[in-house]
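Below you'll find the structure, written out as structure tokens, and then a few comments.
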Amino acid sequence: MASLKDLRNRIASVKATQKITKAMQMVAAAKLRRAQSAAEAARPYAERMAVVLSNLAAGVSQGDAELPRMLTGTGDDKTHLMVVCTAERGLCGAFNSSIARLAREHANKLLAEGKTVKIICVGKKGHDILRRQFSKQIIEFVDLREFRYVGYEQADMIGRKVIQLFDEGEFDVATLFYSRFKSVIAQVPTALKIIPAQVAPEEGTEAAAGDGGESLYEYEPSQQAILGTLLPKNLSVQVFTALLENAASEQGARMSAMDSATRNAGEMIKKQTLIYNRTRQAQITKELIEIISGAEAL
Amino acid sequence: MATFHFELVAPERILYSGEVEAVELPATEGDMTVLAGHAPAMTTLQTGFLVVGEGSGKGKRILIQGGFADIGPKGATILAERATPLEELTAQSLEEEILRVRTTADAKDEGPEKEALKAAIHKLEEAKATLRA
């Protein structure tokens, strides 16, 4: 049986923890708003890029001209590159582990098929998790800890790295792993194939392209040259979008994790206080009995 | 004068959206001006100033560093890799930028890529001179 002092200490420590988790929740909520607005601000660029690219790709594939390899792929799928984006910090529920789990399953499946897997880790946490199993496969680890908010520059840096590896013939297929932000309580780990580029026109964009009359376009310098410069840019934009979604997801996950932690702490305090009060009362009763029985004995 | 819809989108935000009379673009094949009713065209952009003409002599200058223009029948959209409005430019940030581009250029072998970077440095230095004036 714990003494009263022990109980008091325990309650005080839970209270202190609750204060921390509460503060973390509020910080996450503020950061989430910022991350969400950043993700929203970046959306028009990605959308327009997709429209332009699908227009271009549709126009090019009609001609018999040679297509860039980024669009068609190398015609092989022996070596796979996985770009796994996670957070730099923990304490955000299952956020990091669910992305890592998806990546791990993907990698295991590819390895079972006898394919070569190469991994680029973006973010410390994913690297920590994947390192245990795939230390041989990890070729690079990108640390974004020094940046408070991810900008396009960092995404472009990762994009350039991927393209450089692709140009050197280091891999055939690239997949991007990140967490899509659905809502504060739901983040969906997603795998997105980035090379060969997925530019299959969607229903909506096709209509937009149709009334533009893409065959009338004048291209300067040439359609191939534009497509060639646009595809790497599109890759960077995709990485950028993934990083922004990840940032929003991370804060959302942290917010809900800290919310439940705060609630748990509250419950624990209630339980401990009850035990404390009972123990205290029992002690008082015991003391009273001692006094009374002492008086009676006289 | 007739106007058309113009949008300038940077990766992080939309920088300009509205009806304009004319837009001067630093295209890779040379500067070009887009007026209302321009033939549909797509072109890549290099480093340089984009000039938006809002009519009656009013205008805006925005420094573009690489990007892409999509001129359609309904309007023009520019996807700029990096864009900074003239108001946000400072001599110091420009100098840092020149240094950054120069170090990338120095690391490259001779070729069209290096030429493009050299042209970019030239443009940035021009921009710095304009800013000082």
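Residues in the stretch A:215-239 that are more than 9 Å from every other protein chain (Cβ to nearest Cβ), over 21 Å from the mean Cα position of the chain (by Cα) and of a type in the set (S, T, N, Q): A:Ser215, A:Ser222, A:Gln224. If you go through the stretch A:183-201 and keep only what is outside any loop (DSSP other than H, G, I, E, B) and at pLDDT 85 or above, you end up with A:Gln187, A:Val188, A:Pro189, A:Thr190, A:Ala191, A:Leu192, A:Lys193, A:Ile194.
Of the numbered criteria (1) within 12 Å of chain A (Cβ to nearest Cβ); (2) of a type in the set (S, T, N, Q); (3) touching a residue at least 40 places away in the same chain (Cβ under 8 Å), the one B:Ser17 fails is (3).
For the stretch B:77-87, give me the residue count where each residue is surrounded by fewer than 19 Cβ atoms within 10 Å (Cβ to Cβ) and of a type in the set (S, T, N, Q). Here the count works out to 0.
Residues checked against (1) away from chain A (no Cβ under 14 Å); (2) open to solvent by less than 10 Å² (accessible area, probe 1.4 Å):
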{"position": "B:Ala41", "(1), (2)": "no, yes"}
{"position": "B:Gly53", "(1), (2)": "yes, no"}
{"position": "B:Phe68", "(1), (2)": "no, yes"}
{"position": "B:Gly75", "(1), (2)": "no, no"}
{"position": "B:Leu89", "(1), (2)": "yes, no"}
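Restricting attention to the stretch A:262-282 and to residues that are open to solvent by less than 70 Å² (accessible area, probe 1.4 Å) and under 41 Å from the mean Cα position of the chain (by Cα), the residue that is farthest from A:Asn9 (Cα to Cα) turns out to be A:Thr262. Figure legend. Inter-residue proximity from the stretch B:64-88: first residues touching a residue at least 60 places away in the same chain (Cβ under 8 Å), second residues part of a helix (DSSP H, G or I) and open to solvent by 10 Å² or more (accessible area, probe 1.4 Å), beta-carbon distance below 7 Å, spacing 6+ or different chains. Indicated pairs: B:Thr77/A:Arg48; B:Leu79/A:Arg48; B:Glu81/A:Lys233.
When only residues in the stretch B:13-27 that are surrounded by fewer than 18 Cβ atoms within 10 Å (Cβ to Cβ) and closer than 20 Å to B:Gln46 by Cα count, which is nearest to the chain's Cα centre (by Cα)? That would be B:Glu24. Here A:Met49 passes the criteria (1) within 14 Å of chain B (Cβ to nearest Cβ); (2) in contact with a Phe, Trp or Tyr (Cβ under 8 Å, 6 or more places away or on another chain) except the one numbered (2). Whenever a residue of the stretch A:277-295 is touching a residue at least 60 places away in the same chain (Cβ under 8 Å), its partners that are open to solvent by 90 Å² or more (accessible area, probe 1.4 Å), lying with C-beta atoms within less than 9 angstrom and at least six residues away or across chains, give the pairs A:Thr279/A:Met1. Applying the selection to the stretch A:17-45, what residues are within 10 Å of chain B (Cβ to nearest Cβ) and buried (at least 18 other Cβ atoms within 10 Å of the Cβ)? Matches in the stretch A:17-45: A:Ala38, A:Ala42, A:Pro44, A:Tyr45. Can you tell me how many residues in the stretch B:99-127 are exposed (fewer than 14 other Cβ atoms within 10 Å of the Cβ), of a type outside the set (S, T, N, Q) and assigned to a helix (DSSP H, G or I)? Residues meeting the conditions: 10.
The values are calculated or read from the model by the stated rules, or taken from the named source; none is laboratory data. Keep in mind the model is a prediction, meaning the values are calculated, not measured. Because the Cβ atoms are built from the backbone with ideal geometry, glycine has one as well, and the counts that use them run over all protein chains shown. Quick note on the areas: whole protein, heavy atoms, side chains included, nothing else; ligands and nucleic acids left out. Shrake-Rupley method; radii C 1.70, N 1.55, O 1.52, S 1.80 Å.
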